[in-house]
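Just below is one structure, and these are the notes that go with it.
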Amino acid sequence: MKEVLAEKIIKESSGDETVVYFMSHNNHYTRFAENRITQNMAREVTAVNIEVHFGTRKGSAATTSLNYEDIKNTLKKAEQIAKHAPGDPEYVPPLEPVKINTVERFYERTLNLTPEDKALSLRKIFISASHHGVKVAGLYTNGEREFAIYNSRGHEAYHKSSEVSFSITVQGEDSSGYTAFFDENIEKLDLEKEYERAFKKQELGKNPKEVEPGIYKVIIEPIALSNLLLFLYMQMDARAADEGRSFFSEKIGKKIFNESVNLYIDPYSKVNPAIPFDGEGFPIGRINLIERGVVKSLICDRYWAKRTGRKPTGRPFFFNMDDGRIDVEDLVKEVDRGILVTRFWYIRYVDQKSVTVTGMTRDGTFMIEDGKIAYGTKNMRFNESVVNVLKNVLKIGKGKRVGVEYGGSAANYIPAVLVNEFNFSSKTKF
Amino acid sequence: MKELALYAMEILKGKGIDYADIRITRYNYENFIVQDLSPKQVNVEETYGFGIRVLYDGAWGFASSSRVDRKEVEKIAKRALDIAKSSSIARGDFRVKLASEPVHVDKYFTPIEIDPFSIPVEEKLNLLIEINETMLKVKGIVKAISRMHFRRREQIFASTEGSLIETIIYTSNAGYTAFAVGNNDTQTRSFQDYPLNAGYEHIKKLGLVENAERIAEEARMKLYAEEPDEEVLDLVLDPAHLSLTIHESVGHPTELDRVMGYEANFAGRSFATPEKLGKFRYGSPLVNFIADNTLPRGLATTGYDDEGVECQKWYIVKEGILVGYSTTREVAPLIGEVRSRGSARADNFYSFPINRIPNLYLAPGKERVTPEELIQDVKRGIYIEGRGSYSIDQMRLNFQFGGDLFYRIENGKKTKMLKNVIYQSITPEFWNALDGLTDERFWEPRGFLTCGKGEPIQLAQMTNGAPYARFRKIRTGRGRR
């Protein structure tokens, strides 16, 4: 149906080129806190975005209505603003047709989970939490997303995925524990196991001690590392590097990181299947960003690729880091004195050029002494370069899929790491 | 729209529910981004749909749709009710009880002089291109990005209590950034975004082109500025900078839903717990934080919030003491308050309204004081303009802020430019260190369009105004390791 509609829009468009984007999601979100459901929402939204080109002038208009009259008006708006937009000196025409191999990420059974099913399984957790004198808060989501792109040159890209995600914070009197799960297939989710994992962290963290800020060995668990690496990934843009605005300026081919570090993108990977094209329908293949510590390639759009004689990569918003075989428990055994971080919070750049970021620990920070978790610690702020983190990797543990916070239905595949010389700069009161 | 809203309420009234409401919302957006001379985003957008919220047996259900007709309203009303019934399975002993609110049948429209959507697209884009051309002429500037954003929200709210509220809200915003490269460094300097609920007249008064060369020149100067050492120093902060400090360290911790644990999984909780109300010294006696959703041109000035509560004005901190929270109809009764403060907002028809920061501002000082006079009384310190890096813990205590432009203050005078400055403090320690404010002549209604909270995340808008203010003995340092 979308294909037919797109064809009709393209035929009706007066533009030299037309691109039609469809995005739809049909999700059910159950939020809980204080051992009860606090919000329970069904969200069904479809949006059509029409981009019209006249020569190098370009404009787009979007609507959430699928009524054809509304779509026709949207097309008129797109034509109108494209006609009046100044020419784009960096114009690139729409993509020529290119085959995109599909990635199977849709499981009907994920959609069959009803709000009642979710409430019944959450109730068990709430009863257990109340029994143990703790409070749980979290989000339990299931649903589907579709993304389709059609252009006047005959290029098509289509992807459909189901999604189940669950995150939970268990709060005790003076400690808390967190975990999160993401997959396409509901059968992989063991709700009680997730709860138990977060519960155990909360138990282990009771009576937290204040630790002096300073340089420590740290074990950064996958959820925490995924959020940290995002700030490195955002610097991995070829144009920003060429213009001298990024850490990665003149770094291609140089060994910057520990040789155990491999960072790459691959929507066809078994560990982390993902949408195989980007926002303009450009096919995403495997992109080796860092290989054995060496910077191999950067993200490059079609305009910059043409201008600099590179191959474009597309612009994916997910990445993977090769993992190892060691469990976090075994990484702990390697540490004489250090800190284990479950989750980072509110990470922001402090200096983009050196990829220095700041942030806080949260929901499960522990002191390790003589190869064992010794006690829970109060939370601390860090100021550290993500480049240094990957330079100072001592060991790489097992990986996990971590849902991308703002990326829709996508995840990163990220290991736990043991890192030397991580800088905690100040402390807080809890 | 109105008939459909009333129809939805009629359907639900006979279904044994505690309460229900509907928002039928149409958003129109114009988004323009120009990078160097290339228009990267030339986009208009319309979202139109409705969301129905049902309270059944003390538990919520919510469903939404972008198909706006009677049949769909019937379907979505039933779905919202069914979901509420599911929620009631897992509500434990807790029942949502809503604070009472008078029935309102009313209209509210943002007063504007010039409809931003009536200004030709080429005029707006040419203005952005002119800004970038001006900045790119300055030596060392490798990139210029300018942006404009306009929003019109038309909404009908109806509830089973009989409220029927029609609102039309306009928001206009513009800003830009220069990127400089040289001296083995990269620096940026921004003409800070300045959103208000206003028409295009606001954009015309900003002086966008007039300031472009200065902004670019300051970006270049930052390349050659010194980095500070770690030191405990006095700070003088400008209104654009303080808007963010206020937002993070006062706005969020006084959202009552956070305080009561509703956001513990993501946005976090708060140190400002209810037993502190009326007693806790949040700041020095000079500190007055006023919430005011009736503030002219304020970004949360919408007449009524998204659960039909009239916009109000109240104190959050009075003469340094914590005295109030932002609240919704659900959370206000949890601390014994009889009426909501009208702070429930949803970012679109498909979102559930949650407790948001209101327009919240630091009141100006009563005595006539200029920024220069604040600086005169500093022996050694740093003056900070604009927003930069920012981060705060989930209880809203330990924070670290950067800025956009920094000058050293020596013996009462602004001297050398600095770069990569950060400061770190604990919220009540910081606000208790405030010992000087400029008066209302220097007060500015700065604000935000993308305040993220909730799961899935929602983006809200609010004004966080401030005068210039001086703080004593704050830990400062450099942002680069």
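Kirkwood Rh and Cα-based Rg: tell me the resulting Rg over Rh for the protein assembly as shown, rounded to two decimals.
Numbers: Rg = 26.6 Å, Rh = 28.5 Å.
Computed over Cα atoms, the ratio is 0.93.
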Which residue fluctuates most in the GNM of chain A (Cα springs below 10 Å): A:105, A:381, A:153? A:153
Could you tell me the distance between the Cα centroids of segment B:200-266 and segment B:1-50, to the nearest Å? 30 Å
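Provide B:349, A:247, A:430 in ascending order of the number of other Cβ atoms located within 10 Å of each residue's Cβ, fewest first. Before the final figure, lay out the partial values.
On the way: B:349 25, A:247 22, A:430 18.
Ordered from fewest to most neighbouring Cβ atoms within 10 Å, B:349, A:247, A:430 come out as A:430, A:247, B:349.
Rounded to the nearest 500, what is chain B's calculated 222 nm mean residue ellipticity when only DSSP H runs of at least 4 contribute -39500 (n - 2.57) each, over all residues? Don't skip to the end; give the middle numbers.
Values: 9 runs with 90 residues, N = 481.
Mean residue ellipticity at 222 nm (helix-derived): -5500 deg cm²/dmol.
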Shielding of A:122-129 by partners, i.e. mean partner chain Cβ atoms within 10 Å per residue? 2
Fraction of alpha-carbon pairs over 31 Å apart in segment B:2-223 - percent: 44 percent
Around residue A:116 (Cβ within 11 Å, Cβ-to-Cβ, excluding residue A:116; K/R +1, D/E -1) the net charge comes to +1
Per segment A:114-219, sqrt(5λ) over the Cα gyration tensor eigenvalues, sorted largest first, in Å, gives 37, 22, 9
Taking R0 as 35 Å and r as the Cβ-Cβ distance between residue B:69 and residue B:40, the FRET efficiency 1/(1 + (r/R0)^6), rounded to the nearest 0.05, comes to 0.45
Please report, in whole Å, how far the alpha carbons of segment B:21-122 spread along each principal axis, starting with the longest. 60, 30, 29
Separation of segment A:260-290 and segment B:116-161 by C-alpha centroid, Å? 34 Å
Sticking with the crude label model, points 7 Å out along Cα→Cβ, report the distance from residue B:94 to residue A:14 in nm, one decimal please. 5.7 nm
Quick query: amide H of residue B:108 versus all other amide H atoms, modeled in the peptide plane; which residues come in under 5 Å with a sequence gap of 5 or more or a different chain? B:166, B:167, B:168
Ignoring everything except DSSP H segments at least 4 long, calculate the 222 nm mean residue ellipticity for chain A; use -39,500 (n - 2.57) per segment, divide by total residues, nearest 500. -7000 deg cm²/dmol
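Going by a ≥ b ≥ c, the root eigenvalues of the Cα gyration tensor, does segment A:1-154 fall in the rounded group (a/c under 1.5), the prolate group (a/b larger than b/c) or the oblate group?
Working: a/c = 3.08, a/b = 2.68, b/c = 1.15.
Taking the square roots of the gyration eigenvalues as a ≥ b ≥ c, segment A:1-154 is prolate.
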For segment B:148-158, take each phi angle, set θ = phi - 60°, evaluate the Karplus expression 6.51 cos²θ - 1.76 cosθ + 1.60, and give the result in whole Hz per residue in order, putting x for glycine and proline. 9, 8, 10, 9, 10, 10, 10, 9, 10, 10, 9
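Just to confirm a number: summing +1 for Lys and Arg and -1 for Asp and Glu over residues other than residue B:37 whose beta-carbon lies under 9 angstrom from that of residue B:37, what do you get?
Details: positive: none; negative: A:88, A:90, B:36, B:133.
With Lys, Arg at +1 and Asp, Glu at -1, the neighbours total -4.
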Under a GNM of chain A (C-alpha, springs under 10 Å), which listed residue has the highest mean-square fluctuation: A:120, A:418, A:340? A:120
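Kirkwood Rh over Cα pairs of chain A into Stokes-Einstein at 37 °C, 0.692 mPa s: D in µm²/s? Working shown, then result.
Working: Rh = 23.5 Å.
For the chosen part, D equals 139 µm²/s.
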Hey, rough spin-label estimate for residue B:276 and residue B:139, points 7 angstrom out along Cα→Cβ, what's it come to in nanometres? 5.1 nm
How large are Rg and Dmax for segment A:34-93 when only the alpha carbon atoms are used, in Å? 17.8, 58
What are the residues whose amide H is under 5 Å from the amide H of residue B:458, where those residues sit 5 or more places off or on another chain and H is modelled from the backbone? B:453
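Using only the Cα atoms, what convex hull volume per residue in Å³ does segment A:1-61 have? Before the final figure, lay out the partial values.
Numbers: hull volume 5.5 nm³, N = 61.
Dividing the Cα hull volume of segment A:1-61 by its residue count gives 91 Å³.
Which GluC sites (Glu not before Pro) does segment B:270-358 hold that lie in a coil by DSSP with at most 14 other beta carbons within 10 Å? Don't skip to the answer; put the middle values down first.
Values: sites: B:275, B:307, B:310, B:319, B:330, B:337; in loops: B:307, B:319, B:330, B:337.
Here the sparse-neighbourhood loop sites are B:319.
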Exposure-ranked with fewest Cβ neighbours within 10 Å first, A:159, A:84, A:53 stand as A:84, A:159, A:53
Counting only other chains, what is the mean number of Cβ atoms within 10 angstrom of the Cβ of each residue in peptide B:55-65? 4
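Going by a ≥ b ≥ c, the root eigenvalues of the Cα gyration tensor, does segment B:231-478 fall in the rounded group (a/c under 1.5), the prolate group (a/b larger than b/c) or the oblate group? Working shown, then result.
Working: a/c = 1.84, a/b = 1.75, b/c = 1.05.
Cα axes put segment B:231-478 in the prolate bin.
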In degrees from 0 to 90, rounded to the nearest 10, what is the angle of the helix B:2-13 Cα long axis to the longest principal axis of chain B? 60 degrees
Restricting to lysines and to Cα separations under 29 Å from residue B:139, and discarding same-chain partners fewer than 8 apart, the set is A:251, A:306, A:353, B:40, B:124, B:204, B:205, B:222, B:413, B:414, B:416, B:419
Karplus (6.51, -1.76, 1.60) ³J(HN,Hα), θ = phi - 60°, over segment B:339-350, in Hz, Gly and Pro reported as x: 10, 5, 7, x, 10, 8, 9, 10, 8, 6, 5, 8
Need the list of lysines near residue A:398 for cross-linking: C-alpha distance under 17 angstrom, and skip anything on the same chain fewer than eight residues off. A:270, A:333
With charges set only on the Cβ (+1 for Lys and Arg, -1 for Asp and Glu), what does the dipole of segment B:231-478 come to about its Cα centre, in debye to the nearest 20? 680 debye
Under Karplus coefficients 6.51, -1.76 and 1.60, residue-wise ³J(HN,Hα) of segment B:413-429 in Hz, glycine/proline x: 10, 5, 10, 6, 6, 10, 9, 6, 7, 10, 9, 9, 7, 10, 2, x, 5
The set of residues whose placed amide H lies less than 5 Å from the amide H of residue B:307, leaving out same-chain residues fewer than 5 positions away, is B:344
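Computed from the coordinates by the stated procedures, all read-outs in this text should not be read as laboratory data. From a predicted model like this one, the values you see are computed outputs, not experimental measurements. All Cβ positions, even for glycine, are placed from backbone atoms using ideal geometry, and neighbour counts span all protein chains on display.
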